[in-house]
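All of the numbers you see were taken from the coordinates with simple rules; none came from a lab. Note that the structure is predicted; figures quoted are calculated from it, not measured. Cβ sites come from the backbone with ideal geometry, for glycine too, and all protein chains shown count toward neighbours.
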Amino acid sequence: RPDHPCHNDIYASINTQVAEQGFSYLSKFKNSFRGYSYPKSTIFFTVLFHLKNCTTTGISSFEQAV
């Protein structure tokens, strides 16, 4: 458990809602993930995270390089 005393509150500041939203976003692509292996999977994840970060921060993905 994250709130167990042996962890000394190292997990206290983690926003679990953000993590759940991230996993929910990634689960939309789970069928695509199955067919990818290295290096295609690494490139796909990099582009996917870049596009998600651009959307989250409000930056146009067309003006930013990957």
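Quick look at the numbers
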quantity	calculated
Percentage of interatomic Cα-Cα distances in the chain larger than 19 Å	52 percent
Residue among HIS4, GLN64, LEU26 farthest towards the positive dipole end of the chain, charges placed on Cβ	LEU26
Charge dipole (debye, nearest 20) of the range 1-50; +1 at Cβ of Lys and Arg, -1 at Cβ of Asp and Glu	400 debye
Angle between the chain longest axis and helix 40-57 axis [Cα atoms, degrees, rounded to 10]	70 degrees
Nearest-ten-degree value, helix 16-27 long axis tilted from longest Cα axis of the chain	30 degrees
